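Shown next, in structure tokens, is the structure this report addresses.
Any read-out appearing in this document is the output of simple, stated calculations on the displayed coordinates, not a laboratory observation. Computed from a predicted model, the values in this text were never measured in an experiment. Here Cβ is always computed from backbone atoms with ideal geometry, including for glycine, and neighbour counts include all displayed protein chains.
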Amino acid sequence: MLPRLRLLTELSAILAVARVGLCASDEVLSCLRQERSKHENPVQNVVTVTAQEPAYLHCRIPEGSNHMVAWTRASDQALLTAGQHSFTSDPRFQVSRKSDTDWILILRRADLSDTGCYLCEVNTEPLSTIYAVYLDVQKPATPAVPNRQRATRLMANMAGDEVLLNCTVSVGSEPVDDEVIWTRDGKEMNLNDTNKYIWKVKRSAGIIVHTVRIREATMEDDGNYACESKHQRASQIVHVNKAEAQRSSSNPLAALIVMLVCVVATQGIL
């Protein structure tokens, strides 16, 4: 009778291993193979928590039984609790009897070193019943480093017959590539034409300002202007209206109708 009983109890260990799959680590499988019960363990065999969080290890015993339940730590065979009494000097461990059938080992503020196998033993006859629970305490996720925001803004103004395009790049305190490409309607502008364009770069703490001055601007200079760096692009659609500027001499900016402003923030070095 006893060999048959041993065979039945060993089946629970096989079922426990099957539930987690053979892809589990050797340490987990070794823990679960210690399970010994005539019934399949109805609770979770592997409990995963983050360090400094509480861990709850459940042990379900047959309904209507009045057996003593003890929790031990498999790594050093330390008796943690028996019944509702604690036998460890570590105040983080305590036992809670949620119901007549559910005995919970509570570990408050689990540490990485608490990772390992815990055994719930029930004093059944002729062999004690053992349920195995593997506790996996993981490191807290590294807080995401906030993206360093770099913004590119293109502003357009008009002064007399000239259009001023100011491309302001906010770069923080990190060194970046100063170069930008100026385009009009998707085509690179020939800024070497000094009769038409004057361009310069001004640098200050955390900001680079690229300026293009369009001389004697006319309606032929209408278009979608953009300044592009390695990872960022900002653009504006510009319409030059000299006649409107003459009628609104008190507001020379009326000569320039801005249709679109696009501000882009990206991660990484420009």
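Results, tabulated for the structure shown:
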| quantity | calculated |
| --- | --- |
| R0 of 51 Å, Cβ-Cβ distance Ile106-Glu216: FRET efficiency to nearest 0.05 | 0.05 |
| Rounded FRET efficiency, nearest 0.05, which uses the C-beta distance separating Asn224 from Thr194 and R0 of 30 Å | 0.85 |
| Ranked packing of 48-56, 98-106, most packed first, by mean Cβ within 10 Å | 98-106, 48-56 |
| Label point distance in nm, Val201-His67, each placed 7 Å from Cα along Cα→Cβ | 7.8 nm |
| For Trp199, distant residues with modelled amide H under 5 Å away | Arg213 |
| Highest average packing first - 112-125, 211-224, 79-92, Cβ atoms within 10 Å | 112-125, 211-224, 79-92 |
| FRET efficiency estimate (nearest 0.05) - Cβ-Cβ, Thr142 to Ala78, R0 22 angstrom | 0.10 |
